[in-house]
Amino acid sequence: MYAFFKGTLYSAMENYAIVECGGIGYKIFVPRRFLNTAPVGEQVMLYTHLIVREAELSLYGFESEADKKMFERLIGISGIGPKAGLAILSQMNSDEVARAVFSGDTGAFSKVSGIGKKTSERIVLELKDKLDIGAAWGNAQNTSDTPANALQEAAEALINLGYQKAEAAAAVRSVAALADSAEELVLLALRRLDVR
């Protein structure tokens, strides 16, 4: 119903922001990362998702379209409601969630308040086939100096060779600092996979 809100950030509370658009203040639940850097009194734009419940309508807002889409994927998992999805995105952005999913890092989700071991495992299991491998690298570069597109190409090459997405992403990430091109990354990752 509402794709985004663009207006003045009127106030930033504990777990929501009030954005003034056309003289109306909208209460939008947002990740804590946004609240920590929110420029009160400045213009903001939040991509929103509307949750309709019997007794209430709730808006959830995100700084990027990618974070909004990740939120929608998270709340599509059994046992993950809007508050848990928001809690996850308060500690990680969508790229970090994707990297945790592809590397099978359930511990990244267990660190989030209210997310236990079984829920963490369910997140990894359900999202690994729903996410594009490119989401693991994000639009920026990885922690190494290797371009994100080279990392993505290498992971996709390993997937085409029959490796699982999570296995391919983890292998490429483990050798990312050692090469700059997709070809070199594939060779190094294959050596790493053969050692296992």
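Quick rundown of the values:
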{"item": "Subset of segment 49-69 (residues that are among the acidic types (Asp, Glu) and buried (at least 16 other Cβ atoms within 10 Å of the Cβ))", "result": "Glu63, Asp67"}
{"item": "Only one of Glu20, Glu54 that is modelled with pLDDT of 95 or more and of a type in the set (Asp, Glu)", "result": "Glu20"}
{"item": "Hits in segment 171-196 (condition: of a type in the set (Val, Ile, Thr) and either modelled with pLDDT under 80 or in contact with a Lys or Arg (Cβ under 7 Å, 6 or more places away or on another chain) (or both))", "result": "Val175, Val195"}
{"item": "Among (1) surrounded by 14 or more Cβ atoms within 10 Å (Cβ to Cβ); (2) at pLDDT below 85, the one test that Lys130 misses", "result": "(1)"}
{"item": "Matching residues, segment 8-37, being among the basic types (Lys, Arg) and within 17 Å of His49 (Cα to Cα)", "result": "Lys27, Arg32"}
{"item": "Considering residues of segment 70-122 that are assigned to a helix (DSSP H, G or I) and touching an Asp or Glu at 6+ places or on another chain (Cβ under 7 Å) only, the residue surrounded by the most Cβ atoms within 10 Å (Cβ to Cβ)", "result": "Leu89"}
{"item": "Filter result (over 16 Å from Ser58 (Cα atoms) and surrounded by fewer than 18 Cβ atoms within 10 Å (Cβ to Cβ)) within segment 21-34", "result": "Cys21, Gly22, Gly23, Arg32, Arg33"}
{"item": "Any hit, segment 87-110, residues being more than 30 Å from Asn149 (Cβ to Cβ) and of a type outside the set (Gly, Ala, Ser)", "result": "no"}
{"item": "Selection within segment 1-41 - more than 19 Å from Asp67 (Cβ to Cβ) and in contact with a strand residue (DSSP E or B) (Cβ under 7 Å, 6 or more places away or on another chain)", "result": "Thr8, Tyr10, Ser11, Ile18, Glu20, Cys21, Gly25, Val40, Gly41"}
{"item": "Every pair of residues 6+ apart whose Cβ atoms lie under 6 Å, when the first sits in segment 16-36 and is of a type in the set (Lys, Arg) while the second is surrounded by 19 or more Cβ atoms within 10 Å (Cβ to Cβ)", "result": "Lys27/Tyr16"}
{"item": "Unique residue being of a type in the set (A, V, I, L, M, F, W, C), over 17 Å from Val124 (Cβ atoms) and surrounded by fewer than 18 Cβ atoms within 10 Å (Cβ to Cβ) when the list is Leu151, Leu178", "result": "Leu178"}
{"item": "Residue match in segment 140-153 (condition: in a loop (DSSP other than H, G, I, E, B), at pLDDT 80 or above and of a type in the set (S, T, N, Q))", "result": "no"}
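The values are calculated or read from the model by the stated rules, or taken from the named source; none is laboratory data. All figures in this text were calculated on a predicted structure; none of them were measured in a lab. So basically every Cβ, Gly included, is an ideal-geometry build from the backbone, and we count neighbours across all protein chains shown.
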